[in-house]
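Beneath this line is the structure, given in structure tokens, with notes to follow.
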Amino acid sequence: MKQNPYDILGLSQLASKAEIAQAVALAIKEKKHPIDAIAKAQKSLIKTEERIIADYLRPILPPIEEFQWSQLPASEQSTSSLTLLSEFDGLDQAIAQALQQQQQERETLPLNLSELFSAGVTACKEGRYPKAIKYLEDYREACTETHSQNYLKATICLIKAYQMGGQLHRAITLCKSLINHSHPQVNTWANKILAILSK
């Protein structure tokens, strides 16, 4: 599998252009990756459209290493007794809070266009996909500048929110709408993601 540019340069998704330049110099010095891979990673993170793709394809969670019992110190390898609680303290309150939060996720909040966009993108990045879907759908419905950078980013984030939120059909339909986009990089991205979603 092709390595994500963030991993090649050892950067987080919040990295600035100055931090990208520093990471490129360090990566060339350390020689852990081929020069062409480092150059492609730099290009991907500097160009807005390609960085969106890198953000989309970056794994949400790090890979989980297989646990080996032998990795534990000898003092912790002994079998301990398991004590089950006779009742769950505060369980009813926790359920009520969860239901209240779920209701808030569905409610429409009086936000302007800019706030809807920011809240939707942030919710998507934080993995709060139901809320991201609500905000981004509202933003796309109200936004008249359908060729703007924000509209494109909102669409891409919404595709990811649909996918991660289990609404694969909607993700595929929305992704298909970008295949004939006027920007060639967006077309390439849409075809690539559509192939992933269709598997």
Within the range 109-199, which chymotrypsin sites (Phe, Trp or Tyr not before Pro) sit in a loop by DSSP and count at most 14 neighbouring Cβ atoms inside 10 Å? none
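Which length gain, in nm to one decimal place, applies between Glu115 and Ala37 when the Cα-Cα distance is subtracted from 0.36 nm times their residue separation?
On the way: separation 78, 0.36 × 78 = 28.08 nm, distance 3.70 nm.
Value of the extension gain: 24.4 nm.
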Largest-first ordering by accessible area, 1.4 Å probe, given options Glu19, Glu126, Glu49, Glu141: Glu141, Glu126, Glu19, Glu49
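The values are calculated or read from the model by the stated rules, or taken from the named source; none is laboratory data. Please read these numbers as outputs of a predicted model, since none were measured by experiment. Every residue, glycine among them, receives a Cβ derived from its backbone with ideal geometry; neighbour counts consider all protein chains shown. Note: accessible area is taken over every heavy atom of the protein model, side chains too, but ligands, DNA and RNA are not part of it. Shrake-Rupley method; radii C 1.70, N 1.55, O 1.52, S 1.80 Å.
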